[in-house]
1. Go through region 419-432 residue by residue and turn each phi into a ³J(HN,Hα) via Karplus (6.51, -1.76, 1.60, θ = phi - 60°); whole Hz please, and just put x for glycine and proline.
2. Determine the relative contact order of region 5-107: mean sequence separation of Cα pairs under 8 Å and six or more apart, normalised by residue count, in whole percent.
3. Hey, in the GNM for the chain with a 10 angstrom Cα cutoff, which one of K173, K234, K184 fluctuates hardest?
4. For A197 and Q55, what does the FRET efficiency come to when R0 = 51 Å and r is the distance between their Cβ atoms, rounded to the nearest 0.05?
5. Less than 14 Å apart at the alpha-carbon level, and either on another chain or at least 8 residues along: which aspartates and glutamates does that give for K234?
6. Count neighbours as other Cβ atoms within 10 Å of each site's Cβ, and list the trypsin sites (Lys or Arg not before Pro) in region 197-246 that are DSSP loop with at most 10 such neighbours.
7. Of the peptides 272-281, 6-15, 189-198, how do they stack up when ordered by the mean number of other Cβ atoms within 10 Å, highest first?
8. With θ set to phi - 60°, apply the Karplus curve 6.51 cos²θ - 1.76 cosθ + 1.60 along region 172-185 and write out the HN-Hα couplings as whole Hz, x wherever there is a Gly or Pro.
Amino acid sequence: MGYEHLFRGVLFPLYETVLRRRGTLAWFRDYQASQWRSRDELAAIRWHKLDKLLQYCWQEVPYYRRRWQALGIEPGDIRDEADFAKLPVLTKDDIRANQDDLVAAPWKGRLTWKATGGSTGTPLRFGYTHESYERRIAVMWRGYEWAGARMGRRTLYLWGAPVVSSNSAHDIKDRIYHAAFNRKVLNAFLMSEARMAEYADVIDAFRPEIIVSYVAPILRMAEWLTATRRTPHKPVAILSAAEALSDSQRETIERAFGCPVYNTYGCREVMLIAAQCERREGLHLSADHLHVEVHAPKSTLRGDAAIGEVLLTDLHNEGMPLIRYANGDMATADPGACACGRGLPLLARVDGRKLDTLRSPDGRLMPGEYFVYAFLSIPYIRRYQVVQREPTAIDVYVVPEQGFDTATEALIRTSLGGVAGPRMEVRCHRVDDIPATTSGKFRVTICEL
């Protein structure tokens, strides 16, 4: 507790505000306060931000002005959220085909860029401003705090990391950075059946108060702990990410570790979208930071639950605004209110996010997130999917773009073979399209073993 207070009160403000000159802590305080506003107050605040953003996009973003003009829409026509819902959906293909025109004129050449391999298998690059990034970090810390994962608290991440080691100077910098944040990272991509005891030993030695993990590896660890009757160090809470968490998976993890599990939902394009509070009655949307729609066709309605496509609008990224962006996920809206008293609306669950874990011939686990990272550096691909039907081979289906050639195929084999090992055959197939699942989700990895 002593270090946590030192970090929150002294070290992090010195680093973030004084050294890095970022406004993260100021935004964090704002979001801490706004979460307790009523739903109507938050809706009014959100609409004010949204209206301002639409006016800005009309003036400064060529793509939106051209698209809306072609449909006969002007900003004055959008008077409320019902009108806003009539605007066209922004797809990944739209972004990739119009990337330059999606950058606002005042921000040309000034953005920070990231790539996403996309858990839905459609890669793209997106830009954002410094303020947008600072706000995203603030919203993330707020959502994590609901589960007790306060900044500076002793935290272990069972998370993705590059399989190939980086240079020693970079490694040293990472170790110092993680130590300052009072956290340790275990590489989920290198976890295997043979190394389960080793990973459990690290958890017991580090004695984390919080564990943050992809669903698949923490579930497999829980299953191993139960099967071996090993009692692990008991953290205060576990936060799951990157995949939907089912009730049976939650029960398995909680039984093995003896602590509550909290689900979170985010994507690389906007970071944290929703998270569970201490009541765990749903996932609170970051509705004072994002405008989130669950676009549900009438055929998907089941009672009061609207199952539909997630559409995102980042209210604070003026550099490359994403308006009604379809990130490829399906979710169920919850019209009710949480007993915690926060005015932030709820998702009942995330329905359409599932990344299968594949297995290498030597028994190592290969979480779906590894393939998302692996494809970040592979060019000329519109969509991809990795399927395992036998222990010693994986089939990679690729919808290629112009420029894709045998050298690109070799890069795929090298990249994926690096983690799967020399006994795994990587077979590449060029296809015209990759069909979605019945839920409308494009899955990166499918295990049919």
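Since every read-out is calculated from the coordinates, none of them should be taken as a lab result. All values derive from a computational prediction rather than experimental measurement. Ideal geometry is used to build each Cβ from the backbone, glycine not excepted, and the neighbour counts take in all protein chains shown.
1. 8, 7, x, x, 7, 8, 7, 10, 9, 9, 10, 8, 10, 7
2. On the way: 41 pairs, mean separation 23.9, N = 103.
The normalised contact order for region 5-107 reaches 23 percent.
3. Checking each option, the largest mean-square fluctuation is seen for K173.
4. Numbers: r = 59 Å, r/R0 = 1.15.
About 0.30, to the nearest 0.05.
5. Filter leaves D201, D204, E209, E254.
6. Values: sites: R220, R229, R230; in loops: R229, R230.
In loop regions of region 197-246 (DSSP not H, G, I, E or B), the sparsely surrounded trypsin sites (Lys or Arg not before Pro) are R229.
7. Details: 272-281: 20.9, 6-15: 14.3, 189-198: 15.8.
Going from most to least packed, we get 272-281, 189-198, 6-15.
8. In residue order, the calculated couplings are 5, 4, 5, 5, 5, 4, 5, 5, 5, 7, 6, 9, 9, 10 Hz.
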